[in-house]
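Here's the structure we're looking at; comments come further down.
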Amino acid sequence: SSISPGSTAPRRGPCAMSLGSTGMMDTAPVGLRVLPSLPGYNYPEFKDRHHKPQTWGIVNGQRIEHKEGLTHDKAKFVKVAKPKETWRSGTMPDSMTRHVFKASDDQREHSELPAWDALDRHVLRFYGYFKETVVETNLENYRVRKVSIYFYLEDDTAHIIEPRTDNSGLPQGTLIRRHRFPAPNGGYLKAEDLRVGEDFNVYSRTIRITDCDDFTRDYFNRVGQPQGEPEEVEVDVFAETQAAIKKRDAKQPRTYEKIYREVMLGGGHINADMQQFLEKDGKVLRFYAVMDDLQTPQFERRPFLILFFLADDQVEIREQYPLNCGRDNFPIFFRKKKMPAGPVAVDGPQSRSRDKSEYVHGHDLAVGQHVSLMGYPFYIYDADDFTRDYFRQELGKELEPKKDVQLAERVVPRAATPPYTGYGSWEDSMSSVIHLIPKVPRKDFVKLCQHDGKVLRFTAKFANPKPEDVDRLFVMNFHLFDDTLSIHEPPQRNLGIVTGKFLEKGIHLNQTTGELFAPEDFLPGKTVKVFNHEFIMMDMDHYTEKMMADPDLKACRFDLKAVLEKLRESMRQQFPLVRDTFRRFDFDRDGVITWEEFRRALSKFAFSLPEEEVIILMRHFDKRGDGQVSYNEFCDAVLDEDYTGEMLKTKDPLKAEFDPQYADRAVQKSAQRLETNAIRDAVRRLQDVVYKRIGFVQRLFREFGHLTHTQVVTVDQIQYCLKQLGHMFDLEELERIILFIKPGANLENINYVEFFKDLNTSFHDINAIR
């Protein structure tokens, strides 16, 4: 076809034009991505996604563009074994949906988690050293510097710390701060690059790795890359010098050979006082003494501490003030100096100087000795272990054992109780006597429940009656649940006296004994006196006679079947959920109801049953017969079945016979639970002291170091060290704790480091009672 002049031909880009076989221009779409990049031709940047990316951020106040691989790497993920799936379906079958669509075991074997979550606080620790050249001195050529390398698995960062050494003259501490170390062959340092027994290069410094901790070895053993054996750290001249300084004594030993050589050379003049100071500096004899102070209006025995310093023969006396003694706290009774012996004398300028024998010396003191120091009489009753060893080894004398100087406690006389006036109750009147501010008397509810409805009846007559009162007869009613007394006069034919209530019910005083009435006061033949009326006891009824013979006699026999039904119905009405009902009667929250807890549950519902009947009812609840009622057994006994296979199905009948073997098992289980609770309380109490107090273990180990140089102690030493730090534990409690943490341990040979390590580790295993 032709193109007329003046017309505009359509534009075609080079990418859309192609030459056909006929020489004509045909249009066919061609992708620009396949064309080469020719000079002079620019093509747009092709995108598959047209969202607005967020790549800008602020770093150190400057806007920079974050790109993966340039400014940050892709987040690190690790494979972690999934915990086993627990699905509690109870007695009901699994639903079909869950049975078909739940994941298989191989699909849920591992899961991928970010490293910052799965490996949080997982740190590898290596020990090593590097050599540094020393050019400023001719005493050494190089210095060996020990370092610790910490590698954090969560983000592959590391930092190097040099432990501080005394008098090293070097700035020690953090050598390289925490960041990602560059690897020698490019990239970043990984955990696999750190190997024991190999050199590690970082920032032109070569570090020899000699060892690693236990956690690091376990980690590499799990990943299949075990570390090598630990190596010895090279010792330099500086370390040898420091070790020699610690071993070397500050002075040469004073031997007879040395003295002889000095005399032969014209010296050898020994300064006796200086020699005494060098040999006995820091050695002090300690005596415990008391002084009977008769100058005060009230006799007082004051404790003192007599200290004799062997280095310079000086004496110091300190007073030990008891708690709440009322004295001002000035402990120095005699300031440290030489103390003249004998009576006190004031020396003037013309007085001659005292001889050394005229001063008090520690060798003259002994336990059980009365001594006068500066005019004050002291009695020495004890000495410390160092003083006893010094007298035994240096002087060849054995000090006497400790003397008992403890005064008997003073008996504070108690004011006599005023006589009861009869106004108001006895408890209310005694509350006014005992307390400055009267309090409402508390009732004994246990006594009320045990003796409710029990009344003892006695017959009596006047002891010295008038002629018209000879035939009068009285009935005394004593109520055991509140110790009240009432007197009733029964009617008699042709008596001529209005009978009925003689004394209203109340707590009354027996004027014969001066105390409140007790059941023993009404025995036949005895005489009682109340409100100036004296009675002679004559007889008692049959029930009272049986009660006096057996105080635990029950007023009536219960129908156990009716008690069981009433108990079951009362338990159902306690809470909407049977779980809450079970928790109410499980007082120690251990998941079972013991015999003691079952008896307390019956008493809450006002059933005062003997032990045999309590065992019979508990045996009905305990289907397994193991001596305790579990939660499932409790639910089966209290609740009715949801679905039954027969009409009007009833519970199993109650077996009314008593089983002594089951009673023994129930008592044994109750004792075991009490022992378990005692062990739990003791362990929890010691764990609260050790685990929650920062630095307590270090202070405790320091106390152990004062007792022994080994890591083995006895249970008595553990009790002593805990007492020194202000925590009192019984010996029985500590034995329970030790045998619980380390079963089968020898109580006379305990590795205290391992014991307290296991105690801290098991802190979260001993759960608190909910």
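The values are calculated or read from the model by the stated rules, or taken from the named source; none is laboratory data. For clarity, every value in this text was computed on a predicted model and none was experimentally measured. Cβ: placed from backbone, ideal geometry, glycine included. Neighbour counts: every protein chain shown. All accessible areas refer to the heavy atoms of the entire protein, side chains included, with ligands and DNA or RNA removed. Shrake-Rupley method; radii C 1.70, N 1.55, O 1.52, S 1.80 Å.
So which aspartates and glutamates pass the test for K76, namely a Cα distance under 15 Å, with those fewer than 8 places away in the same chain ruled out?
K76 reaches E68, E112, D117, D120, E154, D155, D156.
Rounded to whole Hz and in sequence order, give me ³J(HN,Hα) for segment 156-168 from the Karplus expression 6.51 cos²θ - 1.76 cosθ + 1.60, θ = phi - 60°, writing x for Gly and Pro.
6, 9, 8, 8, 10, 10, 10, x, 6, 10, 5, 6, 7
Contact order normalised by length for segment 481-633, with contacts defined as Cα pairs under 8 Å and 6 or more residues apart; what percent is it?
The value is 11 percent.
What residues have an amide H closer than 5 Å to that of V196, excluding those fewer than 5 places away on the same chain, when H is modeled at 1.01 Å from N in the peptide plane?
G228
Once the Cα atoms of segment 358-483 are picked out, what are the Rg and Dmax in Å?
So, for segment 358-483, Rg and Dmax equal 33.4, 97 Å respectively.
For segment 198-347, what's the radius of gyration and Dmax over Cα atoms, in angstrom?
For segment 198-347, the Cα-based Rg and Dmax read 30.8, 88 Å.
Give me the percent of the accessible area of the chain that comes from carbon and sulfur atoms, probe 1.4 Å, all protein chains in place.
With neighbouring chains kept in place, the figure for the chain is 52 percent.
May I ask you to derive the relative contact order of segment 705-749, considering only C-alpha pairs under 8 Å and at least 6 residues apart, and to give it as an integer percent?
That works out to 41 percent.
Please give the solvent-accessible surface of L495 in Å², to the nearest 10, using a probe radius of 1.4 Å with every protein chain present.
Counting only protein heavy atoms, the figure is 30 Å².
Count charges around Y321 for me, please; just the other residues with Cβ under 12 Å from its Cβ, Lys/Arg as +1, Asp/Glu as -1.
Its environment carries a net charge of 0.
Past the 23 Å Cα-Cα mark, which pairs from K692/K742; K131/K247; K82/K742?
K131/K247; K82/K742
State to the nearest 20 debye the size of the charge dipole of segment 233-359 about its Cα centre, where the only charges are +1 on K and R beta carbons and -1 on D and E beta carbons.
Dipole about the Cα centre, nearest 20: 140 debye.
Report S351's accessible area, 1.4 Å probe, all protein chains in place, as a number in Å² to the nearest 10.
Looks like 60 Å² after rounding.
Taking a point 7 angstrom from the Cα of R177 along the C-beta vector, which residues in segment 124-164 have backbone N less than 15 Å away?
Under cut-off, by backbone N: 158-161.
Can you tell me the convex hull volume per residue for segment 249-320, based on C-alpha atoms, in Å³ to the nearest whole number?
Working: hull volume 7.7 nm³, N = 72.
Output value, Cα hull per residue: 107 Å³.
Where does the charge balance sit around D521 when Lys and Arg score +1, Asp and Glu -1, over other residues with C-beta under 12 Å from its C-beta? If you can, show how the numbers build up before the last one.
Values: positive: K526, K529; negative: D483, E515, E520.
Neighbour charge sum, excluding D521 itself: -1.
Compare the peptides 234-241, 161-168, 375-382 by average per-residue count of other Cβ atoms within 10 angstrom and give them in order, highest first.
Descending packing order for the listed peptides: 375-382, 234-241, 161-168.
Quick one: the Cα spread of segment 652-770 along its three principal axes, in angstroms, biggest first?
Largest first, segment 652-770 extends 66, 31, 22 Å along its Cα principal axes.
Which percentage, to the nearest 5, of the DSSP beta bridges contained in the chain is antiparallel?
100
Keeping to pairs on different chains or 8 or more places apart, tell me how many lysine pairs in segment 472-608 have Cα atoms under 19 Å apart.
Eligible lysine pairs with Cα atoms under 19 Å apart amount to 7.
For K356, list the lysines whose Cα falls under 22 Å from its own Cα; do not include residues on the same chain fewer than 8 positions away.
Once the sequence-local lysines are set aside, what remains near K356 is K280, K283, K336, K337, K338.
If every alpha-carbon in segment 518-605 counts as one equal scatterer, what log10 I(q)/I(0) does Debye give at q = 0.19, 0.21 1/Å?
Those come out to -0.92, -1.04, one per q.
Within 10 Å, count the other beta carbons around each residue, average over each peptide in 703-710, 321-328, and list them highest first.
My ranking of the peptides, most packed first, is 703-710, 321-328.
Which residues' amide hydrogens lie under 5 Å from the amide hydrogen of L175, considering only partners 5 or more residues apart or on another chain, with H built in the peptide plane?
Those lying under 5 Å, H to H, from L175 are I160, I161, E162.
Volume per residue, Å³, of the convex hull around the alpha-carbon atoms of the chain?
540
Give the calculated FRET efficiency between V134 and N167 to the nearest 0.05, with a Förster radius of 22 Å applied to their Cβ-Cβ distance.
On the way: r = 15 Å, r/R0 = 0.68.
Calculated transfer efficiency: 0.90.
What number comes out for the charge environment of R472, summing +1 per Lys or Arg and -1 per Asp or Glu over other residues with Cβ under 9 Å away? Show your work: numbers first, answer last.
Working: positive: K461; negative: E468, D469, D471, E489.
Here the count lands on -3.
For the chain, what is the relative contact order in percent, using Cα pairs closer than 8 Å and at least 6 residues apart in sequence?
4 percent.
Suppose only helical runs count, i.e. DSSP H with n ≥ 4. What mean residue ellipticity at 222 nm does that imply for the chain under -39500 (n - 2.57) per run, divided by all residues and rounded to the nearest 500 deg cm²/dmol?
Calculated at 222 nm, the ellipticity per residue is -8000 deg cm²/dmol.
What is segment 127-170 by shape, rounded, prolate or oblate, if you read a ≥ b ≥ c off the alpha carbon gyration tensor as root eigenvalues and call it rounded for a/c under 1.5, prolate for a/b larger than b/c, and oblate otherwise?
prolate
Answer rounded, prolate or oblate for segment 360-433, using the Cα gyration tensor with square roots of eigenvalues a ≥ b ≥ c: rounded when a/c is under 1.5, else prolate when a/b is larger than b/c, else oblate. Spell out each step's value before the answer.
On the way: a/c = 7.09, a/b = 3.81, b/c = 1.86.
Prolate shape, in that a/c is at least 1.5 and a/b is the bigger ratio.
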